[in-house]
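Quick note: the coordinates plus some simple rules give every number you see, no bench work behind them. None of these values were measured; they are calculated from a predicted model. Positions of Cβ are backbone-derived with ideal geometry, glycine not excepted, and every protein chain shown enters the neighbour counts.
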Amino acid sequence: MSEATKGGESKYAKFIVTEPLKEEHGYEEKDGPDVMAAMAYLDGGVIKDAFYVETHWFKKPTKYSPKQHAHEFDETLGFFGGDPENPLELGGEVELWIEDERHLLTKSSLDYIPAGVNHCPMHVRPKTIPIFHFSTGTTRKAYEREE
């Protein structure tokens, strides 16, 4: 709950999202909580006309990866190391496929995926510290992917 909602009604409290997507809305946990921790999730299915944003902490190497897919919208993937003393160091690696190119990321990064471009699989492999990940897209509908 935000400070503004304590002791009264707020017309904007409904726009503050503090939880991951619920299973009843389509979230399916592939790797367990020992591997990744889902954080806040937002899209047009959660709040009408909101754009897509999803956040996770990866604590151990992933076992599951999304299959190769594309979207009708542009997407940005972000990967950031969890060490505030070395913010540019990922503290592990991310293997990210864009079309037929394999990219091995070892630095914190923002990765732009234009609409219609196939991407994934994606394997996140923290070594020394957790890796924070977010993805965001320009769609204002509920998140969809074309596999």
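Would you calculate the separation in nanometres between label points at Thr76 and Lys48, each defined as 7 Å from the Cα along the Cα-to-beta-carbon direction?
2.8 nm
Pairs Lys30/Lys107; Lys60/Lys107; Lys14/Lys59: which are spaced more than 21 Å apart, C-alpha to C-alpha?
Details: Lys30/Lys107 25 Å; Lys60/Lys107 17 Å; Lys14/Lys59 30 Å.
Long pairs (Cα-Cα over 21 Å): Lys30/Lys107; Lys14/Lys59.
Taking only C-alpha pairs under 8 Å that are 6+ residues apart, what is the relative contact order of the chain in percent?
Working: 351 pairs, mean separation 42.5, N = 147.
For the chain, the relative contact order is 29 percent.
Average the reciprocal distances over every distinct pair of alpha-carbons in the chain, invert the result, and give the Kirkwood radius in Å.
16.3 Å
Would you calculate the separation in nanometres between label points at Asp100 and Ala40, each defined as 7 Å from the Cα along the Cα-to-beta-carbon direction?
4.1 nm
Filter the trypsin sites (Lys or Arg not before Pro) in the stretch 43-116 to those in DSSP coil with at most 15 other Cβ atoms within 10 Å of their Cβ, and list the result.
Working: sites: Lys48, Lys59, Lys63, Lys67, Arg102, Lys107; in loops: Lys48, Lys59, Lys63, Lys67.
Answer by residue number: Lys48, Lys63, Lys67.
Could you name the lysines in cross-link range of Lys11, using Cα to Cα under 16 Å and dropping any fewer than eight places away on the same chain?
Lys48
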